[in-house]
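My questions will all concern the structure given below.
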Amino acid sequence: MSDGFESPDDAATVVLTAVVARVTALADRLGVPHAQVFDTGRLSVASGVPEPVVKALLSGRPAGEPDVQARFLQRLDLLRRTRLKPNGRKYTQQEIADGAGMSRQQAGALINGDRRPTMEHCDAIQRFFRVHAGFLTAEDPEALAGALQHTEQELLQRLAEREGAPDDPLERLLQDHGVRGIAWRAAQLPTDQH
């Protein structure tokens, strides 16, 4: 029973559906193949969501959501496999610990799943791997929607470049000062619904 309130997962699914629709419309308008914009491998790496779950969510099917600990471990493993040192090797526990400002024992316990991460741990590790806030903890639909919003931004940029500068002086002024981009980003901020 919902008592009139949406669960965060329901809200994230609604957002994901809307983003998929917008990206689809932009891809169609630009003539970009859907297979390119909805490349599940790329979206998996960008969002931290396993590829089979990305496929399920994009097809509108629910996917079994892991608990926070399992999600953290899954995404940390993905980061360790895909965000490599310049020499192509994985970061060691000591390098992650040093970069995240924690002991090697703490990093090892987090990586091995022997310790539940705090928000401070997540923040420090996200900064070390240079991923956005929430990468390690966002629910799968929310994480996938975030990755698709980056795709949407790229497509909007391509559309703006293709269509050239606007003829309307007010529109040109808004574009020159980035007002459209600011308004678009503001629209993506979460609402304060309780």
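Hey, could you check the range 64-98 for residues that are open to solvent by less than 30 Å² (accessible area, probe 1.4 Å) and in contact with a helix residue (DSSP H, G or I) (Cβ under 6 Å, 6 or more places away or on another chain) and say which is nearest to residue 145 (Cα to Cα)?
79
Does residue 148 count as of a type in the set (A, V, I, L, M, F, W, C), open to solvent by less than 50 Å² (accessible area, probe 1.4 Å) and more than 21 Å from residue 39 (Cβ to Cβ)?
Against the criterion (of a type in the set (A, V, I, L, M, F, W, C), open to solvent by less than 50 Å² (accessible area, probe 1.4 Å) and more than 21 Å from residue 39 (Cβ to Cβ)), residue 148 does not qualify.
Filter the range 25-43 for residues that are within 13 Å of residue 148 (Cβ to Cβ), in contact (Cβ under 8 Å) with a residue 12 or more places away in the chain and either part of a helix (DSSP H, G or I) or open to solvent by 40 Å² or more (accessible area, probe 1.4 Å) (or both) and give the result.
26, 27, 37, 40, 43, listed by residue number.
Here's something else I'd like to know. Taking the options 149, 188, 175, 105, name whichever one is at pLDDT 95 or above and among the polar types (S, T, N, Q).
Answer to the selection: 105.
Suppose the filter is open to solvent by 50 Å² or more (accessible area, probe 1.4 Å), of a type outside the set (S, T, N, Q), modelled with pLDDT under 95 and assigned to a helix (DSSP H, G or I); does residue 52 pass it?
yes
The values are calculated or read from the model by the stated rules, or taken from the named source; none is laboratory data. Being a predicted model, the structure only gives us computed values, none of them experimental. We place every Cβ from the backbone using ideal geometry, glycine too, and count neighbours over all the protein chains shown. Just the protein is used for accessible areas: all its heavy atoms, side chains included, with ligands, DNA and RNA removed. Shrake-Rupley method; radii C 1.70, N 1.55, O 1.52, S 1.80 Å.
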